[in-house]
Amino acid sequence: MEETIKRKIVLIGPVYPYKGGIAHYTSLLYRALSKKYDVEMISYKMQYPKFLFKKEQKDFSNDMFRVDDAKFLIHTANPFNIVNVGRKIRKEHPYMVIIQWWHPYFAPCYWLLEKMFGKKIKKVFICHNVFPHERFPMDRFLTKLVLKNGDAFIVHSKSDGEDLLTIKQNAVFKQNPHPTYNAFKIKNLTKEQARKELHKSNEEKILLFFGFVREYKGLKHLLYAMPQIRDQIAHVKLLVVGSFGDDKEAYMQIIEEQKITDCVEVIDGYTPDDEVEKYFAACDLVVLPYESATQSGIVQIACGFEKPVIVTNVGGLPDVVEDGKTGYVVEPKNPKALSEKIVDYFVQNKETEFVRNVREEAYRFDWDRMVEKIEAL
């Protein structure tokens, strides 16, 4: 029987050894697309200049998200390099090019690539967020410069779809929930095993705040909620696991002022991929007290570990959490609402019910569904 020739897709974005959720996302999307297509993975030889991103951009400690055939070609700040890469892709006549979009820094690079592709190659943008979380002058202009030339788009939230239509009125797009990050399950740790690794007792009620600590993620509101939570729930502990910016001392001061040093533990720094599991496996509840958001990969990591979550009613977060079933949705900037729902979860012994519901909802966040949405475009 003659072998079916697979259509060629070029996928552009960060992958291992680059750090962060979008690198993980791109790798998992590559794996899903590769089941049906001939996928060429093109990443960056230089992602951000060091003066813009002072922290280490790469992590070689664990290669679970490695894409073996990835080509690290794009120097995002070198126009001659970008033109050459664009020409190379155009000569291959791919069925489509899929580009990860999350920050206007990439606008000049992607604009040049679009010019080199011409109009015959379909350009599909995966919008992790249309506009950046932390807005700045010219961000709208730069975003429009690139996205207006896109042929189709995937967004992960209703709010991002609305933002997209403000810069391209006739945009063709599909909304799809952020798929699940279940690749972090390496050892299949039980809660008890994970807690043993973290030196935590089984009696503790563990809350988890995970990921880069930024102002818009609202950690301070969770810290302000902790005194009320501790007063009503025995043995409660909040783990803050993530890398702080220059404002770490401000958070440490809140912890001191609220007298919650006994029930808050800060693990500062980037968490290597192979250490993510122990924190999610050990916790009872994942909390995202964000002030603003489009969507969050943290919810999908929690889903991969079958953990209920508490999110705020911002951006696409309510789209992926069924209030009162797989977690709770509360109003942002409201420590009282956070404390009430966290207390309710433990007092009402909701864990068994919520975990079952999370498990039943898993099909919504499958990577194959994501591929179907791209195909539907």
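Would you mind stating whether residue 297 is in the same structural domain as residue 215 (by TED's automatic domain parsing), free of Cβ contacts under 8 Å to residues at least 12 places away in the same chain and surrounded by fewer than 23 Cβ atoms within 10 Å (Cβ to Cβ)? Walk me through how you get there before you give the answer.
Working: in the same structural domain as residue 215 (by TED's automatic domain parsing): yes; free of Cβ contacts under 8 Å to residues at least 12 places away in the same chain: no; surrounded by fewer than 23 Cβ atoms within 10 Å (Cβ to Cβ): yes.
No.
Just to be sure I understand, how many residues within the range 91-115 are buried (at least 17 other Cβ atoms within 10 Å of the Cβ) and over 25 Å from residue 136 (Cβ atoms)?
Of the residues in the range 91-115, 4 are buried (at least 17 other Cβ atoms within 10 Å of the Cβ) and over 25 Å from residue 136 (Cβ atoms).
Sort out which residues of the range 342-361 are surrounded by fewer than 16 Cβ atoms within 10 Å (Cβ to Cβ) and not in a helix (DSSP H, G or I), and write them in order of number.
Hits for the range 342-361 are 348, 349.
Restricted to the range 197-223, and to residues that are surrounded by fewer than 21 Cβ atoms within 10 Å (Cβ to Cβ) and among the aromatic types (Phe, Trp, Tyr), which residue is modelled with the lowest pLDDT?
Only one residue tops the list, namely 212.
In the list 286, 320, 329, which residue meets the criterion of being free of Cβ contacts under 8 Å to residues at least 24 places away in the same chain, touching a helix residue (DSSP H, G or I) at 6+ places or on another chain (Cβ under 6 Å), surrounded by 15 or more Cβ atoms within 10 Å (Cβ to Cβ) and among the aliphatic types (A, V, I, L, M)?
329
Starting from residues that are of a type outside the set (Lys, Arg) and touching a strand residue (DSSP E or B) at 6+ places or on another chain (Cβ under 8 Å), keep the ones in the range 362-377 and report whichever is surrounded by the most Cβ atoms within 10 Å (Cβ to Cβ). Show your work before the answer.
Step one: of the range 362-377, the residues of a type outside the set (Lys, Arg) are 362-363, 365-368, 370-372, 374-377.
Subset that is touching a strand residue (DSSP E or B) at 6+ places or on another chain (Cβ under 8 Å): 370, 374, 376-377.
Details: 370: 23, 374: 20, 376: 10, 377: 14.
So the residue we want is 370.
Any residue that is over 26 Å from residue 344 (Cα atoms) and in contact with a strand residue (DSSP E or B) (Cβ under 8 Å, 6 or more places away or on another chain) - is there at least one of those in the range 220-239? Don't jump to the end; show me each part of the working.
Within the range 220-239, the subset over 26 Å from residue 344 (Cα atoms) is none.
Taking every residue of the range 220-239 in turn, none turns out to be over 26 Å from residue 344 (Cα atoms) and in contact with a strand residue (DSSP E or B) (Cβ under 8 Å, 6 or more places away or on another chain).
Residue check: is residue 185 within 17 Å of the chain's Cα centre (by Cα) and charged (D, E, K, R)? Give the steps one after another, and end with the answer.
Values: within 17 Å of the chain's Cα centre (by Cα): yes; charged (D, E, K, R): yes.
Spelling it out, residue 185 is indeed within 17 Å of the chain's Cα centre (by Cα) and charged (D, E, K, R).
If I ask for residues that are modelled with pLDDT of 95 or more and of a type in the set (Ser, Thr, Tyr), which ones from the range 159-196 would you list?
166, 190
Residue by residue through the range 333-357, note down the ones that are in contact with a helix residue (DSSP H, G or I) (Cβ under 6 Å, 6 or more places away or on another chain) and among the β-branched types (Val, Ile, Thr).
Those that are in contact with a helix residue (DSSP H, G or I) (Cβ under 6 Å, 6 or more places away or on another chain) and among the β-branched types (Val, Ile, Thr): 342, 343.
If we keep just the residues of the range 286-341 that are among the hydroxyl-bearing types (Ser, Thr, Tyr) and in a strand (DSSP E or B), which is nearest to residue 209 (Cα to Cα)? Walk me through it before giving the result.
At the first step, the residues of the range 286-341 found to be among the hydroxyl-bearing types (Ser, Thr, Tyr) are 290, 292, 294, 296, 312, 326, 328, 339.
Now restrict to residues that are in a strand (DSSP E or B): 312, 328.
Values: 312: 13, 328: 15 Å.
Looking at the filtered set, the residue picked out is 312.
Can you tell me how many residues in the range 22-45 are assigned to a helix (DSSP H, G or I), small (Gly, Ala, Ser) and closer than 26 Å to residue 81 by Cα? Steps first, answer last, please.
Going residue by residue through the range 22-45, those that are assigned to a helix (DSSP H, G or I) are 22-34.
Imposing the further condition that a residue be small (Gly, Ala, Ser) reduces the set to 23, 27, 32, 34.
Right, trim to closer than 26 Å to residue 81 by Cα and you get 23, 27.
Counting residues in the range 22-45 that are assigned to a helix (DSSP H, G or I), small (Gly, Ala, Ser) and closer than 26 Å to residue 81 by Cα gives 2.
The values are calculated or read from the model by the stated rules, or taken from the named source; none is laboratory data. None of the values given here were measured: they were computed from a predicted structure. Don't worry about glycine lacking a Cβ; one is built from the backbone with ideal geometry, like all the others, and counts go over all protein chains shown.
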